[in-house]
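All remarks here apply to the structure that follows.
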Amino acid sequence: MSTLMYERLWQALLDTIVMVGVSAIFALAIGIPLAVFLVLSGPDGLIHAPRLNRVLAALINGFRATPFIVLLVALLPLTRLLTGTTIGVWAAIVPLSISATPFFARIAEVSLREVDGGLIEAAQAIGCRRWHIVRHVLLPEALPGIVGGFTITIVSMIGASAMAGAIGAGGLGDMAIRYGYQRYDTTVMAMVIVVLIALVCLVQFTGDYAVSRLRAR
């Protein structure tokens with residue numbers, strides 16, 4: 001490949017990192033509170049809100065059941081409203097965030113539900129309030145599982161960001177389509193695949209290492 005193509009590959013990698021990074025922050029910031037509420041308002045939870053729990057669970061399941069490419073197109077009006085455009089890196093962040101948040105929320109919910117109920121009962125017995133139980137019992141005990149789930153979410157977002165390149169979102173997927181597929185350049189396609197694999201492996205290794213350190217404490 002030419003020097004110009006390597007520069008484009010580097011820029012595409014940076015665009016993908018920005019897309020996934022910003023979307024991951026939104027998924028983490030919104031997904032954790034959603035997961036906590038689903039657990040607290042569930043059966044035998046600390047909050048009695050069964051109707052709200054069912055409505056929220058249905059919405060989350062609805063977004064999770066929608067294929068990303070369909071969600072990408074369906075959210076074009078919202079994307080245009082929020083970002084002023086439907087193409088580019090920042091436009092891709094909207095559907096990526098909305099797609100990843102319910103996915104991560106469900107994973108975090110499973111980790112929170114696996115916390116030993118005896119710990120929660122002990123915290124209640126000594127007079128801890130709901131917020132203290134969430135902050136000092138639920139989240140710390142579920143943290144390894146949450147970090148592992150967050151790693152899986154980021155990996156899936158990398159694949160989704162490449163898919164978003166089909167509608168001009170930028171990043172590695174856009175480069176693979178424009179400079180690889182449309183120009184029949186197998187070298188470019190191969191380089192993009194190698195970079196994507198390396199990026200996924202790096203994220204997975206980092207996440208696994210963080211989980212192992214948390215479980216060792």
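The values are calculated or read from the model by the stated rules, or taken from the named source; none is laboratory data. Values in this document were obtained by computation on a predicted structure and should not be read as measured data. All Cβ positions, glycine included, derive from the backbone under ideal geometry; neighbour counts span all protein chains shown. For the accessible areas, the whole protein counts, side chains as well, though only heavy atoms, and no ligand, DNA or RNA atoms are used. Shrake-Rupley method; radii C 1.70, N 1.55, O 1.52, S 1.80 Å.
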Hey, Leu38 surrounded by 18 or more Cβ atoms within 10 Å (Cβ to Cβ) and aliphatic (A, V, I, L, M) or not
yes
In region 19-34, which residues are aliphatic (A, V, I, L, M) and surrounded by 17 or more Cβ atoms within 10 Å (Cβ to Cβ)?
Met19, Val20, Ala24, Ala27, Leu28, Ile30, Ile32, Leu34
Just checking, how many residues over region 46-80 are open to solvent by less than 30 Å² (accessible area, probe 1.4 Å), in a loop (DSSP other than H, G, I, E, B) and under 30 Å from Glu141 (Cβ atoms)?
1
Where a residue in region 4-21 is basic (Lys, Arg) and its partner, wherever it lies, is at pLDDT below 85 and surrounded by 12 or more Cβ atoms within 10 Å (Cβ to Cβ), with Cβ under 7 Å and at least six apart:
Arg8/Tyr179
Give me the pairs: first residue in region 107-122 and closer than 26 Å to Ile152 by Cα, second residue among the acidic types (Asp, Glu) and surrounded by 15 or more Cβ atoms within 10 Å (Cβ to Cβ), beta-carbon distance under 8 Å, and six or more apart or on different chains, which are they?
Val115/Glu141; Asp116/Glu141
Looking only at region 81-102, count how many residues are surrounded by fewer than 15 Cβ atoms within 10 Å (Cβ to Cβ) and either assigned to a loop (DSSP other than H, G, I, E, B) or touching a residue at least 60 places away in the same chain (Cβ under 8 Å) (or both).
2
Boolean, Phe205 is closer than 23 Å to Thr101 by Cα, free of Cβ contacts under 8 Å to residues at least 60 places away in the same chain and either open to solvent by 10 Å² or more (accessible area, probe 1.4 Å) or hydroxyl-bearing (Ser, Thr, Tyr) (or both):
yes
With region 115-173 as the region, which helices (runs of 4 or more DSSP H) entirely inside it contain at least 3 residues that are open to solvent by 10 Å² or more (accessible area, probe 1.4 Å), among the charged types (D, E, K, R) and touching a helix residue (DSSP H, G or I) at 6+ places or on another chain (Cβ under 9 Å)?
none
Go through the residues of region 160-171 one by one and say whether even a single one is of a type in the set (Gly, Ala, Ser) and farther than 16 Å from Val89 by Cα.
no
